[in-house]
């Protein structure tokens, strides 16, 4: 019976480590995706019938058409590689706090959900 509290602590420690590893893997994946994307901050250029997404040098990253083109372009320009790298850095810095079991549960859950979304891409 004396080992029961220690076993419970061990189970929580293993869970914290698993969740931290998921967050770290997603951070690495997000950086990898960002390195493969067009560099720099992206801009939205409305050309009338379609919307173009360009990088800071004016090179076309994507051309979008249809009903959802403007809102999709706004989303892409908000979450361009620069933003992705910042999110990856935030995740990387948080994973050690999660591993130690010091992250508030709601924030930890949100980070794990984000990690799963990045990994499933």
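At a glance:
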| item | result |
| --- | --- |
| Residues satisfying the stated conditions in region 103-121, i.e. in contact (Cβ under 8 Å) with a residue 40 or more places away in the chain and surrounded by 12 or more Cβ atoms within 10 Å (Cβ to Cβ) | 108, 111, 112, 114, 115, 116, 118, 119 |
| Matching residues, region 57-95, being without any contact (Cβ under 8 Å) to a residue 24 or more places away in the chain, more than 13 Å from residue 41 (Cα to Cα) and more than 15 Å from the chain's Cα centre (by Cα) | 62, 63, 64, 65, 66, 67, 68, 69, 71, 72 |
| Any chance residue 100 is closer than 26 Å to residue 11 by Cα and touching a residue at least 24 places away in the same chain (Cβ under 8 Å) | yes |
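Bear in mind that the values in this text are calculations on the coordinates, not laboratory data. Nothing here was measured: the structure is a model prediction, and the numbers come from that model. Glycine also receives a Cβ, built like all others from the backbone with ideal geometry; neighbour counts cover every protein chain displayed.
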